[in-house]
Amino acid sequence: MRESGHLVLGISGASGSRLGLRALALFSASPDVEQLHVVVSPRALLVARTEIGAGITSVEALLDSAGLDEATRSKIVLHAESAVDAPISSGSFRTRGMAVLPCSAGTLAAIANGTSRGLLQRAADVCLKERRRLVLGLRETPLSLVHAENIVRVTLAGGIVAPVVPAFYAAREVDDLLDAYLLRVADLLDVKIDTADYRWTGGP
Ligand SMILES: Cc1cc2nc3c(=O)[nH]c(=O)nc-3n(C[C@H](O)[C@H](O)[C@H](O)COP(=O)(O)O)c2cc1C
């Protein structure tokens, strides 16, 4: 099949807004990508306000915070999540596939069950039905049986679940990252450890 220059990026409401922004910058700058179709879930914006700043009140503001040059920015096509009439909503519009970065457990569940509520989920469903590449950067821990079964369903349907697992060898300042993760593990073991309090206590 002829390769398409259209790539789809979904950003859902899991922790990891910076991952989504970085993906946006790197994929839109790719010579393989003529147009990067971006869909941001409303919940992703909420998370971005926490993780990037209170000024992220719109998808445009989120995009601006990526600091892209004009040439790169011009390759990005923003679609509203409600725009289920967008080209990427149809299999007849050819793309080279889609990544969801980060992918929440909720979006994973929707994709695994084909509910197609909103453009992000629909575009992912299109990738599965057209047997196009679909990569879900799942960001959730620990995983319940429900999550695991949804991972199996998406995998059997041809999707790739690539959990956001940091490559520790590539990082320099990982102490916060390690401590925050170890605090979760410690909670699971019901063991106290001496770290800063990384627990989520509500929005800004
Ligand atoms: C600050 C914040 C961080 C969150 N992090 C995660 C996460 O890492 N993984 C996850 O599955 N859900 C996470 N959630 C919950 C999702 O945002 C929530 O389930 C939402 O409905 C997902 O919607 P979406 O998948 O349509 O974007 C987080 C919520 C907030 C407010």
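The values are calculated or read from the model by the stated rules, or taken from the named source; none is laboratory data. Bear in mind the structure is a predicted one, so any value in this text is a computation, not a measurement. No Cβ is skipped: glycine too gets one built from the backbone with ideal geometry, and neighbour counts run over all protein chains shown.
Brief remarks follow.
- Where Val47 falls short, out of the listed (1) out of contact with any Leu (no Cβ under 9 Å at 6 or more places or on another chain); (2) within 16 Å of the ligand (Cβ to nearest atom); (3) more than 27 Å from Ala167 (Cα to Cα): (3)
- Scan of the stretch 49-83 for residues that are among the hydrophobic types (A, V, I, L, M, F, W, C) and out of contact with any Ser or Thr (no Cβ under 8 Å at 6 or more places or on another chain), ordered by number: Ala54, Val59, Ala61, Leu63, Ala66, Ala71, Val77, Leu78, Ala80
- Test for Arg139: is it at negative phi, in contact with a Cys (Cβ under 8 Å, 6 or more places away or on another chain) and of a type outside the set (A, V, I, L, M): yes
- Leu9 satisfies every condition listed in (1) part of a helix (DSSP H, G or I); (2) under 15 Å from the mean Cα position of the chain (by Cα) except (1).
- Looking only at the stretch 112-145, and only at residues there that are in contact (Cβ under 8 Å) with a residue 40 or more places away in the chain and among the hydrophobic types (A, V, I, L, M, F, W, C), the one that is farthest from the ligand (Cβ to nearest atom): Cys127
- Within the stretch 110-204, helices (runs of 4 or more DSSP H) holding 2 or more residues that are at pLDDT 95 or above: 119-129, 145-156
- Test: residue in the stretch 16-38 that is farther than 28 Å from Glu140 by Cα, modelled with pLDDT of 95 or more, away from the ligand (no atom under 16 Å from the Cβ) and among the polar types (S, T, N, Q): yes
- Long-range neighbours under 7 Å by Cβ, at least six apart or interchain, first residue in contact (Cβ under 8 Å) with a residue 60 or more places away in the chain within the stretch 183-204, second in a loop (DSSP other than H, G, I, E, B): Pro204/Ala54
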